[in-house]
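Asks: One structure, pasted below without further comment.
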Amino acid sequence: MKALLWIAVALVLSGALIYAIGALLPQGHRATRSVLLPADPPAVYALISNADRYPEWRKDVKAVVALAPNRYREEGGFGPITYRVEVDEPPRRRVTRIDDPELPFGGTWTFELAPEVGGARLTITEDGVVKSPLFRFFSRFVFGHTKTIDTYLEEATAALQPPSTSL
């Protein structure tokens with residue numbers, strides 16, 4: 001019985017420590033990643049700017065609902081998230097913002113494309129906000145601020161690979 005009490009105390013203290021560390025972290029963060037994609041900037045831009053086709057190549061997106069010419073909602077692993085396109089400069093730059101103040105997180109993603117030998121360099125910069133101290137702790141120390149960007153870049157790379165030919 002004493003052991004269970006000590007375990008309970010340790011869990012409560014661990015939770016309080018995680019919360020305290022998260023509360024000390026800034027709400028905002030910036031994370032940037034880039035990758036050379038095997039396509040020219042217009043082809044990459046066509047992929048990343050067509051939200052209706054996200055479910056075809058992004059594993060975490062189950063459906064996309066168009067809300068207005070510059071707004072859409074993704075249905076996926078984090079639940080429904082509404083986005084607004086703030087900047088649309090084909091084929092070089094696009095900025096999207098999470099457009100739902102009720103979510104525990106928010107911010108923008110800036111997509112920048114530059115031609116490069118072998119294709120196009122796609123750079124994504126996340127200027128994120130994490131409101132919950134607990135989620136800030138886990139975002140910073142467990143998942144990492146670049147996890148979503150890294151997954152997106154991996155999936156974009158796979159989507160742009162030429163089809164393989166079998167003999």
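The values are calculated or read from the model by the stated rules, or taken from the named source; none is laboratory data. Owing to the predicted nature of the structure, the values given are computational and were not obtained by experimental measurement. Note that each Cβ is placed from the backbone with ideal geometry, even for glycine, and that neighbours are counted across all protein chains shown. The protein model used for the area step is the full one, side chains on, heavy atoms only, and it has no ligands, DNA or RNA in it. Shrake-Rupley method; radii C 1.70, N 1.55, O 1.52, S 1.80 Å.
Asks: Cβ-Cβ below 7 Å, separation at least six or inter-chain, first residue in the stretch 136-152 and in a helix (DSSP H, G or I), second surrounded by fewer than 20 Cβ atoms within 10 Å (Cβ to Cβ) and of a type in the set (Lys, Arg): which pairs?
Replies: Within 7 Å, the pairs are Ile149/Arg33; Asp150/Arg33.
Asks: In this structure, is Leu47 more than 25 Å from Gly144 (Cα to Cα), of a type in the set (A, V, I, L, M, F, W, C) and surrounded by 12 or more Cβ atoms within 10 Å (Cβ to Cβ)?
Replies: Yes: the conditions hold for Leu47.
Asks: Restricting to the stretch 146-167, name every residue that is under 29 Å from Gly22 (Cα atoms) and either modelled with pLDDT under 85 or polar (S, T, N, Q) (or both).
Replies: Thr146, Thr148, Thr151
Asks: Has the stretch 115-125 got at least one residue that is touching a strand residue (DSSP E or B) at 6+ places or on another chain (Cβ under 8 Å), farther than 30 Å from Leu13 by Cβ and without any contact (Cβ under 8 Å) to a residue 24 or more places away in the chain?
Replies: no
Asks: Got a number for residues in the stretch 147-167 being open to solvent by 30 Å² or more (accessible area, probe 1.4 Å) and under 16 Å from Thr110 (Cα atoms)?
Replies: The number of residues fulfilling the criteria is 4.
Asks: Sticking with this structure for a sec: Residues Arg73, Arg84, Arg121, Arg94: which one is crowded, with 16+ Cβ neighbours inside 10 Å, assigned to a strand (DSSP E or B) and touching a Pro at 6+ places or on another chain (Cβ under 6 Å)? Quick ask: steps written out before the conclusion?
Replies: Numbers: Arg84 fails: touching a Pro at 6+ places or on another chain (Cβ under 6 Å); Arg121 fails: touching a Pro at 6+ places or on another chain (Cβ under 6 Å); Arg94 fails: touching a Pro at 6+ places or on another chain (Cβ under 6 Å).
Checking each option against the conditions leaves just Arg73.
This table checks each residue for (1) modelled with pLDDT under 90; (2) among the basic types (Lys, Arg); (3) farther than 30 Å from Ile21 by Cβ.
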position: Arg58; (1), (2), (3): no, yes, yes
position: Ala68; (1), (2), (3): no, no, yes
position: Glu89; (1), (2), (3): no, no, yes
position: Ile98; (1), (2), (3): no, no, no
position: Val117; (1), (2), (3): no, no, yes
position: Gly128; (1), (2), (3): no, no, no
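Asks: A further question follows. With the checklist (1) open to solvent by less than 40 Å² (accessible area, probe 1.4 Å); (2) in a helix (DSSP H, G or I) in hand, flag the one item Pro55 doesn't pass.
Replies: Here Pro55 clears every test but (1).
Asks: Looking at the stretch 65-107 only, could you name the residues that are within 18 Å of Ala46 (Cα to Cα) and hydroxyl-bearing (Ser, Thr, Tyr)?
Replies: Passing the criteria: Tyr72, Tyr83, Thr96.
Asks: If you don't mind, there's one more thing I want to ask. Considering only the stretch 1-19, how many residues are touching a residue at least 60 places away in the same chain (Cβ under 8 Å) and open to solvent by less than 60 Å² (accessible area, probe 1.4 Å)?
Replies: Kept after step one, since they are touching a residue at least 60 places away in the same chain (Cβ under 8 Å), are these residues of the stretch 1-19: 18-19.
Okay, now just the ones that are also open to solvent by less than 60 Å² (accessible area, probe 1.4 Å), so 18.
Selection size over the stretch 1-19: 1.
Asks: Taking Pro42, is it modelled with pLDDT under 95, exposed (fewer than 15 other Cβ atoms within 10 Å of the Cβ) and closer than 17 Å to Leu160 by Cα?
Replies: So Pro42 fails the test.
Asks: Something else now. So is Val129 of a type in the set (A, V, I, L, M), in contact with an Asp or Glu (Cβ under 8 Å, 6 or more places away or on another chain) and surrounded by 14 or more Cβ atoms within 10 Å (Cβ to Cβ) or not?
Replies: Judged against the criteria, Val129 is not a match.
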